[in-house]
Amino acid sequence: MTTPSRQARLRGGLLGLLVGDALGVPYEFHDAASIPPSAEIEMTPPVGFNRAHAGVPPGTWSDDGAQALALLDALVRDPTLDLGTFAANLLNWFQQGAFTPDGNVFDIGLQTRQAFYAIAAGASPSTSGPSGERDNGNGSLMRCLPVVMVAASRDEAIHLARKQSLPTHGHIRSQLCCALYCLTAMGILEGQSAADAVRAAEDELLERHAGTTEDTELKIALDGRFDAPQGSGYVVDSFWSAIHCVLSTHSYEDCVKRAVALGNDTDTTACIAGGLAGLIYGENGIPIRWLSVLHGKAMAETLLAQL
Ligand SMILES: [Mg+2]
């Protein structure tokens with residue numbers, strides 16, 4: 001395999017996120033035991049499979065993809081990320097169907113919905129995200145990849161990763177998982193292997209947070225690596241499930257199929273893993289049969305062209 005260019009990696013990252021999300025949509029809410037065998041995991045599930053989100057056309061991204069595009073749009077307008085713009089984009093998605101291929105809004109997380117009601121009622125987007133210990137769903141992790149498309153340094157990637165989490169996911173653990181993910185993605189973009197990139201991200205955050213009040217939360221996030229991947233909606237499991245998929249496979253296709261095979265929050269695990277796999281293998285690593293049925297691809301292209 002030739003090494004993808006930076007441009008091919010960035011395009012692969014965003015398209016890989018969207019394709020992974022779309023691939024996982026029909027399989028959501030099924031446990032691992034009821035997911036079809038790998039050869040049959042496609043945008044259209046095998047006949048007889050009780051697909052989730054009936055009525056949604058094959059190849060359609062869900063909340064994950066829409067929120068990632070909402071973030072990319074805000075970052076294109078202002079690379080330092082104006083949270084007011086980002087929150088307005090998110091509400092525009094939630095209320096009007098912006099950033100979706102056909103105006104259909106589905107699959108919104110409970111915590112995210114709660115944050116939107118707070119924002120609509122006038123809360124500041126820097127504090128609207130619920131921040132209790134139980135408020136650690138994967139909703140801000142799944143959308144954060146666009147940070148690495150504009151971040152000029154690792155410091156900036158950490159800052160933006162955490163900042164973009166705030167409107168919906170205010171807890172430190174969620175913020176740190178987003179930082180871990182974006183640092184990992186930065187490493188891959190810089191040419192590191194995925195394994196080295198994850199390790200470097202962990203070491204960098206450990207060093208940064210040594211002796212601070214956030215140290216305990218960071219250790220909780222990092223200890224997730226010792227648990228079996230569940231593909232659940234919990235941000236720590238979600239991050240490490242995606243890393244498991246990336247590190248245990250050698251192609252984009254196998255990576256996102258592995259994510260779906262974990263069951264549960266299939267679209268989000270495949271989105272998070274697919275973003276990294278897209279960076280690793282580049283746009284050409286994503287199967288054409290999936291890219292060609294990605295509903296709304298032109299919308300992503302319009303945003304990519306503005307980078
Ligand atoms: Mg989703």
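The values are calculated or read from the model by the stated rules, or taken from the named source; none is laboratory data. Just so we're clear, the structure is a prediction, and the values are computed from it rather than from any experiment. Counting neighbours? That spans all protein chains shown, and the Cβs are built from the backbone with ideal geometry, glycine included. Remember, those area values only see protein heavy atoms, side chains included, never the ligands or the DNA or RNA. Shrake-Rupley method; radii C 1.70, N 1.55, O 1.52, S 1.80 Å.
Condition first: polar (S, T, N, Q), within 16 Å of the ligand (Cβ to nearest atom) and more than 20 Å from residue 182 (Cα to Cα). Can you find one or more residues in segment 54-73 that meet it?
Initially, segment 54-73 is screened for residues polar (S, T, N, Q), giving 60, 62, 67.
Narrowing the set further to residues that are within 16 Å of the ligand (Cβ to nearest atom) leaves 60, 62, 67.
When the remaining residues are screened for being more than 20 Å from residue 182 (Cα to Cα), the result is 60, 62.
Checked segment 54-73: at least one residue is polar (S, T, N, Q), within 16 Å of the ligand (Cβ to nearest atom) and more than 20 Å from residue 182 (Cα to Cα).
Which ones in segment 132-187 are among the small types (Gly, Ala, Ser), away from the ligand (no atom under 16 Å from the Cβ) and assigned to a loop (DSSP other than H, G, I, E, B)? Explain how you work it out, then say what you get.
Initially, segment 132-187 is screened for residues among the small types (Gly, Ala, Ser), giving 132, 137, 139-140, 151-153, 157, 161, 165, 170, 174, 179, 185, 187.
Retained after the next criterion (residues that are away from the ligand (no atom under 16 Å from the Cβ)): 132, 151-153, 157, 161, 165, 170, 174, 179, 185, 187.
Result: 132, 151, 152, 153, 170.
Mind listing just one residue for me: the one in segment 98-107 that is away from the ligand (no atom under 12 Å from the Cβ) and within 19 Å of the chain's Cα centre (by Cα) and, of those, surrounded by the fewest Cβ atoms within 10 Å (Cβ to Cβ)? If you could, list the steps in order and put the result at the bottom.
Step one: list which residues in segment 98-107 are away from the ligand (no atom under 12 Å from the Cβ), which gives 98-99, 101-104.
Retained after the next criterion (residues that are within 19 Å of the chain's Cα centre (by Cα)): 98-99, 101.
Working: 98: 19, 99: 25, 101: 22.
That would be 98.
Just checking: which of the helices (runs of 4 or more DSSP H) contained wholly in segment 195-294 hold 1 or more residues that are closer than 20 Å to residue 27 by Cβ and in contact with a helix residue (DSSP H, G or I) (Cβ under 8 Å, 6 or more places away or on another chain)?
Working: elements: 215-223, 235-247, 252-261, 266-281, 288-291.
Here the list reads 235-247, 252-261, 266-281, 288-291.
Please enumerate the residues belonging to segment 113-131 that are part of a loop (DSSP other than H, G, I, E, B) and open to solvent by 30 Å² or more (accessible area, probe 1.4 Å).
Just the residues of segment 113-131 that are part of a loop (DSSP other than H, G, I, E, B), to begin with: 121-131.
Across segment 113-131, the qualifying residues are 121, 122, 123, 124, 126, 127, 131.
Please state which of the following conditions residue 155 fails to meet, knowing it meets all the rest: (1) touching a residue at least 12 places away in the same chain (Cβ under 8 Å); (2) open to solvent by 30 Å² or more (accessible area, probe 1.4 Å); (3) not hydrophobic (A, V, I, L, M, F, W, C).
(1)
Kindly establish whether residue 88 is at pLDDT 95 or above and either open to solvent by less than 10 Å² (accessible area, probe 1.4 Å) or small (Gly, Ala, Ser) (or both). Break it down into steps so the answer makes sense when it comes.
Working: at pLDDT 95 or above: yes; either open to solvent by less than 10 Å² (accessible area, probe 1.4 Å) or small (Gly, Ala, Ser) (or both): yes.
Here the answer is yes, as residue 88 does meet what is asked.
Would you tally the residues in segment 16-53 being of a type in the set (S, T, N, Q) and either within 15 Å of the ligand (Cβ to nearest atom) or crowded, with 24+ Cβ neighbours inside 10 Å (or both)? Walk me through it before giving the result.
Initially, segment 16-53 is screened for residues of a type in the set (S, T, N, Q), giving 34, 38, 44, 50.
Still in the running and either within 15 Å of the ligand (Cβ to nearest atom) or crowded, with 24+ Cβ neighbours inside 10 Å (or both): none.
Residues flagged as of a type in the set (S, T, N, Q) and either within 15 Å of the ligand (Cβ to nearest atom) or crowded, with 24+ Cβ neighbours inside 10 Å (or both) within segment 16-53 amount to 0.
Kindly indicate whether any position in segment 265-288 is at pLDDT 95 or above, closer than 30 Å to residue 133 by Cα and either open to solvent by 20 Å² or more (accessible area, probe 1.4 Å) or more than 15 Å from the chain's Cα centre (by Cα) (or both).
Yes, that holds for at least one residue.
If a residue must be open to solvent by 20 Å² or more (accessible area, probe 1.4 Å) and under 16 Å from residue 18 (Cβ atoms), how many such residues does segment 54-72 contain? Before you say what the answer is, go through the steps one by one.
Residues of segment 54-72 that are open to solvent by 20 Å² or more (accessible area, probe 1.4 Å), as a first pass: 54-55, 57-58.
Those still in the list that are under 16 Å from residue 18 (Cβ atoms) too: 57-58.
Going through segment 54-72 one residue at a time, the tally reaches 2.
Of the residues that sit in segment 205-260 and are open to solvent by less than 30 Å² (accessible area, probe 1.4 Å) and touching a Phe, Trp or Tyr at 6+ places or on another chain (Cβ under 7 Å), which one is farthest from residue 177 (Cα to Cα)?
252
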